[in-house]
Amino acid sequence: QVQLVESGGGLVQAGGSLRLSCAASARTFESYTMGWFRQAPGKEREFVASISRSGSSTYYVDSVKGRFTISRDNAKNTVYLQMNSLKPEDTAVYYCAAKISTAITTPWYDYWGQGTQVTVSS
């Protein structure tokens with residue numbers, strides 16, 4: 001199965017930036033739609049962003065539009081989440097996910113990473 005490993009999380013001040021990376025162990029990384037989710041303590045997991053197999057299309061939850069950017073490098077089997085203008089409410093464990101489906105607007109994914117903690121202080 002596909003293995004996903006997130007990195008790049010940490011503690012930042014409000015207004016700061018952070019870039020998350022997700023390294024995928026997959027024989028055909030370019031065959032997967034990729035996404036980012038997050039989960040704050042006591043809350044349900046929330047969709048954040050997704051990107052099509054070629055990287056030509058992206059989709060974001062309204063709360064991060066204009067601040068976050070998802071991208072991918074298929075040659076490196078890696079997907080990124082650039083997070084700018086961070087707010088305390090962005091604090092959560094961020095998860096990388098993958099699916100065979102080409103539907104970038106649906107939240108149903110097949111494979112998940114273990115998550116990386118992002119903490120934004122005020």
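Numbers at a glance
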item	result
Condition met for Thr116 (of a type outside the set (Gly, Ala, Ser), under 15 Å from Ser7 (Cβ atoms), modelled with pLDDT of 95 or more and surrounded by 18 or more Cβ atoms within 10 Å (Cβ to Cβ))	yes
Verdict on Ser85 being at pLDDT 95 or above and more than 10 Å from the chain's Cα centre (by Cα)	yes
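The values are calculated or read from the model by the stated rules, or taken from the named source; none is laboratory data. The model shown is predicted, which means the values in this text are computed figures rather than measured ones. In this analysis, Cβ positions are derived from the backbone assuming ideal geometry, glycine residues included, and neighbour counts consider all displayed protein chains.
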